[in-house]
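Nothing in this text is a laboratory measurement; each read-out follows from the coordinates by a stated rule. Just so it is clear, the model here is predicted, and its values are computed rather than measured. Virtual Cβ from ideal backbone geometry, glycine too; neighbours counted across all protein chains shown.
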Amino acid sequence: MGVGLDHLQGLYAQTSDPWGFEHSAYEQAKFAATRAALSQSGYRSAFELGCGNGQLARHLIDLCARYTGMDAVASALRAARQAVPQGRFVQGFYPGPLPEGDFDLLILSEVLYFLDRAGLEQLAIDIQARWPQAEIICVTWLGPTGNPLQGEEALKGFAQALAARDFARLTQTDDYRIDRALPGSGE
Ligand SMILES: C[S@@+](CC[C@H](N)C(=O)[O-])C[C@H]1O[C@@H](n2cnc3c(N)ncnc32)[C@H](O)[C@@H]1O
């Protein structure tokens, strides 16, 4: 089992910023590193699964003509809509329907290790079926997650399930790593 909806809602019960994304210097530096990991200076349409309160989106939005974020938690999305008014935000718990869109950038930042192996495999199937050419960015916490899957375990499971794409590690600190699959990689 992945992390359940009740648990996610509990994380946001007292605050719309449970990880301190808005003010933490660590998170701000990680957002900058995520931005630097993008291969292009502009994207037609980006999608972020597990967008939380929109703080990462705030750092990427000027590079995206359109941006769609999806999260399971309504209060996170309310905060995201305030942080990034020009974004489109949809509520959904994955595995489940993903939004419509002609996405050329998929952002999977600190979300894979909330899923279970079946969810990771389904995500790989969905991506391959709908956005086989999108650039994919994965940001992965390397410390203990407190979830059934650890960060690198989840990343590995996802990358193996999406065998049609080649992921390269771009950045690694003591705390996180950033991996990217470019359009056309793995062909
Ligand atoms: C650690 S936050 C990451 C936020 C943002 N992507 C970032 O990197 O700053 C993880 C987010 O993923 C959401 N999430 C986790 N599992 C999910 C699922 N199965 N479906 C949809 N959203 C999920 C959580 O509600 C939370 O807002």
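Tell me whether the stretch 130-146 contains one or more residues that are part of a helix (DSSP H, G or I) and near the ligand (Cβ under 10 Å from one of its atoms). Scanning the stretch 130-146 turns up no residue that is part of a helix (DSSP H, G or I) and near the ligand (Cβ under 10 Å from one of its atoms). Looking at the stretch 15-121, the strands (runs of 3 or more DSSP E) lying wholly inside it that each contain 1 or more residues that are within 10 Å of the ligand (Cβ to nearest atom) and among the polar types (S, T, N, Q) sit at 88-91, 105-109. Is one or more of the residues making up the stretch 125-134 closer than 24 Å to residue 27 by Cβ and surrounded by 15 or more Cβ atoms within 10 Å (Cβ to Cβ)? No; the residues of the stretch 125-134 include none that is closer than 24 Å to residue 27 by Cβ and surrounded by 15 or more Cβ atoms within 10 Å (Cβ to Cβ). Taking residue 6, is it surrounded by fewer than 16 Cβ atoms within 10 Å (Cβ to Cβ) and over 20 Å from residue 134 (Cα atoms)? Here the answer is yes, as residue 6 does meet what is asked.
In the stretch 135-172, of all residues being touching a residue at least 60 places away in the same chain (Cβ under 8 Å) and surrounded by fewer than 21 Cβ atoms within 10 Å (Cβ to Cβ), the one that is farthest from residue 25 (Cα to Cα) corresponds to 148. What do you reckon, is residue 69 surrounded by 22 or more Cβ atoms within 10 Å (Cβ to Cβ) and out of contact with any Cys (no Cβ under 8 Å at 6 or more places or on another chain)? It is false that residue 69 is surrounded by 22 or more Cβ atoms within 10 Å (Cβ to Cβ) and out of contact with any Cys (no Cβ under 8 Å at 6 or more places or on another chain).
Being under 19 Å from residue 19 (Cα atoms) and acidic (Asp, Glu) is the requirement here; does residue 110 meet it? Against the criterion (under 19 Å from residue 19 (Cα atoms) and acidic (Asp, Glu)), residue 110 qualifies.
So which residues in the stretch 56-73 are of a type in the set (D, E, K, R) and more than 15 Å from residue 40 (Cα to Cα)? 58, 71 - these are the residues of the stretch 56-73 that are of a type in the set (D, E, K, R) and more than 15 Å from residue 40 (Cα to Cα).
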